[in-house]
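K.L.:
There's a structure below that I have some questions on.
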Amino acid sequence: MASAVFGPATFCAVTGGSRGLGRSIAVLLAGRLGHGSRLVLTGRSLQGLQETKRQVKEKCRKELEVKLVTGDMEDSTAYHAHFCDIFADAKQGDFNSALMIHNAATTGDATKKASEHSDPQILTKYYDTNLTSVIALTSKFMKVC
Ligand SMILES: NC(=O)c1ccc[n+]([C@@H]2O[C@H](COP(=O)([O-])OP(=O)(O)OC[C@H]3O[C@@H](n4cnc5c(N)ncnc54)[C@H](OP(=O)(O)O)[C@@H]3O)[C@@H](O)[C@H]2O)c1
């Protein structure tokens, strides 16, 4: 059995936990989180998040709070509400340690040539997802945890 390397009562959030690498990280990490820990998984697909939760619960038989938060990192106007959901009920001192894994990202439209990347709205969404959300979420994480 894996040891609780992150100790008891760890707050752990994994963005992009609805599939791929994020799902694998969540399932592997779950077995390493000690008693009283909370695992928060984010993504746009609730169905994908629910499947990850199912796999986490299957792998990790011990009691672990798994919270699912849907939201779109392309939409920076929704960050405030989205990030509040991620850290809802989490106050400084509630957890002994905290871990934030920024995994959600997009490669964008890789079929386009450099000369075709001309739409500023698409570029803004790309940078909001891959850069702005990471900085803003880290800031919130550092304030709360
Ligand atoms: N696979 C590779 O070979 C590789 C190589 C280098 C780097 N990476 C990076 O590693 C990370 C994971 O890779 P992966 O292959 O597992 O990618 P993936 O299968 O495309 O999964 C990306 C995850 O990010 C979430 N996500 C994407 N756009 C989002 C948005 N606008 N808002 C909220 N969540 C969003 C997706 O969830 P929803 O669709 O549910 O929103 C999904 O859970 C990515 O950051 C990727 O760029 C991967």
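Each reported figure results from applying straightforward, stated rules to the coordinates on display, with no laboratory input. The model shown is predicted, which means the values in this text are computed figures rather than measured ones. For neighbour counting, all protein chains shown are included, and Cβ atoms are generated from backbone atoms with ideal geometry for every residue, glycine included.
K.L.:
Can you give the Kirkwood hydrodynamic radius of the chain from its Cα pairs, in Å with one decimal?
P.N.:
15.9 Å
K.L.:
Continuing with the same structure: Put a dot 7 Å past each Cα toward the Cβ at residue 117 and residue 138; how far apart are the dots in nm?
P.N.:
2.0 nm
K.L.:
When a/c is below 1.5 the answer is rounded, else prolate if a/b is larger than b/c, else oblate, so apply that to the range 26-65 with a ≥ b ≥ c taken from the square roots of the Cα gyration tensor eigenvalues.
P.N.:
prolate
K.L.:
Determine by what factor the alpha-carbon radius of gyration of the range 36-103 differs from 2.2 N^0.38 Å, reporting the quotient.
P.N.:
1.17
K.L.:
For the chain, list the DSSP H helices whose alpha carbon atoms reach 15 Å or more along the long axis and whose average Kyte-Doolittle value is 1.0 or above?
P.N.:
Membrane-span-like by this criterion, though nothing is claimed about a membrane: 20-30, 133-144.
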